[in-house]
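As structure tokens, the structure follows; a few thoughts come after it.
The values are calculated or read from the model by the stated rules, or taken from the named source; none is laboratory data. What you see is a predicted model; the values in this text were computed from it and never measured. We place every Cβ from the backbone using ideal geometry, glycine too, and count neighbours over all the protein chains shown.
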Amino acid sequence: MRDHLAYPVREHKDMLRIRVLHGPNLNLLGTREQSIYGTLSLDALDSTITKLAKELAVKVDLRQSNSESELVTWIQEARTGYDGIIINPAAYTHTSVAIRDAIASVGLPTVEVHLSNIHQREEFRHRSYVSGVAIGQISGLGPTGYLLALRGLHDHLTASRRQKKTAAPSTSRRTAKGTR
């Protein structure tokens, strides 16, 4: 049995921080419409996400709310101290301009996740207000979608940081007086 992680976890100021938000009714996972959402509970899903986050050396903050205003507040709070957001807005996907605007306002890379394939369900579920401001959307893969979102957002943020570090510093070239 292995007692160590493949990726050591070191809590430091450069560690990526990702807020994971679960929307309305996701607290009922495991018991709610199992033919659509499966049998995995929200606690078990969160444990799976936390395990992968440790392997990736990412700090995750997992939250669930049935309240649109609370989700908006958590998105806004993520502006300081977080590098990205993973969100399953659930039913608010199709109704909430407020959540869409909050994501757009904070400017953090965001991945939208859905357990079911919203494009194969009722017509009203086909429209997502969030997808237009997210860097990506994963739907229809069940709990695996969250893990793909975490890996994808981790890779996106890591590449972004690497690019910022390797970007040549801007230098100001001034022409000396009297020369061209």
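Quick check: is even one residue across segment 99-112 touching a Pro at 6+ places or on another chain (Cβ under 7 Å), farther than 30 Å from ASP14 by Cβ and crowded, with 16+ Cβ neighbours inside 10 Å? The answer is no; no qualifying residue exists. Is it the case that LEU62 is at pLDDT 95 or above and of a type in the set (A, V, I, L, M, F, W, C)? It is true that LEU62 is at pLDDT 95 or above and of a type in the set (A, V, I, L, M, F, W, C).
Annotation note: of ARG121, ARG125, ARG161, the sole residue that is farther than 16 Å from VAL111 by Cα, modelled with pLDDT under 95 and touching a Ser or Thr at 6+ places or on another chain (Cβ under 9 Å) is ARG125.
Check whether at least one residue in segment 43-55 is in a loop (DSSP other than H, G, I, E, B), out of contact with any strand residue (DSSP E or B) (no Cβ under 7 Å at 6 or more places or on another chain) and either hydroxyl-bearing (Ser, Thr, Tyr) or surrounded by fewer than 16 Cβ atoms within 10 Å (Cβ to Cβ) (or both), and report yes or no.
Filtering segment 43-55 for residues in a loop (DSSP other than H, G, I, E, B) gives none.
There is no residue in segment 43-55 that is in a loop (DSSP other than H, G, I, E, B), out of contact with any strand residue (DSSP E or B) (no Cβ under 7 Å at 6 or more places or on another chain) and either hydroxyl-bearing (Ser, Thr, Tyr) or surrounded by fewer than 16 Cβ atoms within 10 Å (Cβ to Cβ) (or both).
What's the total number of residues in segment 61-76 that are more than 11 Å from LEU21 (Cβ to Cβ) and either of a type in the set (Asp, Glu) or surrounded by 18 or more Cβ atoms within 10 Å (Cβ to Cβ) (or both)? Even if it seems obvious, please write down each step before you answer.
First, pick out the residues of segment 61-76 that are more than 11 Å from LEU21 (Cβ to Cβ): 66-69, 76.
The next check asks that each one be either of a type in the set (Asp, Glu) or surrounded by 18 or more Cβ atoms within 10 Å (Cβ to Cβ) (or both); those that pass are 68.
Matching residues across segment 61-76 total 1.
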